[in-house]
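Working notes for the structure below.
What follows draws every value from the coordinates through simple rules; no lab data is involved. Computed from a predicted model, the values in this text were never measured in an experiment. Backbone-built Cβ (ideal geometry, glycine too); neighbour counts: all protein chains shown.
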Amino acid sequence: MSGEVMDVERTSLPGIGLRHEFTTKQGRRLGVISHRTGRHDLVIYGKEDPGKRVVSVELTGEEANGLAELLETVHVVERLNDERRQVEDLVTEKIPVSAGSPYVGRPLGDTRARTRTGASIVAVVRRGKVIASPGPDFVFEAHDVVVVVGTGEGTAAVAGILANG
């Protein structure tokens, strides 16, 4: 992560909603118009004329949330990769929860993964959505993907726990 602060302009659009805009490092202006109705427009402005819309994509509230989660997922993975580079012997593993796992339908706390392995379950990806920092009462479903941080030995042990109990 660069640690740079990005300036986001917020403009009230009377009778419509709010517009948030920023300029990328490459000089492209992007914006999101959040309508009072719950609709969102993702807008890309022209490079030569930053006031002219080149592309506008209408998103439902659900689609906008999905896009935000997708971008946050990328951010979480980038953050984990940065942290992994900073700490020797630390690895991040994505471990699928199979339909045959003894923990399907059971809470994360039942695994006692951190106590047993020293590795931490830092997120779960379910149907493309990231659940960051799941608590001990989080209930696993088949096909969840568990993001584990720890030593290679610890993350392998968590995979074993999720597969075999």
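Things worth noting here:
- With contacts taken as Cα pairs under 8 Å at a separation of at least 6 residues, the range 11-52 carries a relative contact order of 29 percent.
- Entries of LYS25/LYS94; LYS25/LYS52; LYS52/LYS129 with Cα pairs more than 23 Å apart: LYS25/LYS94; LYS52/LYS129
- Net charge of Cβ neighbours under 14 Å - reference VAL97; Lys, Arg +1; Asp, Glu -1: 0
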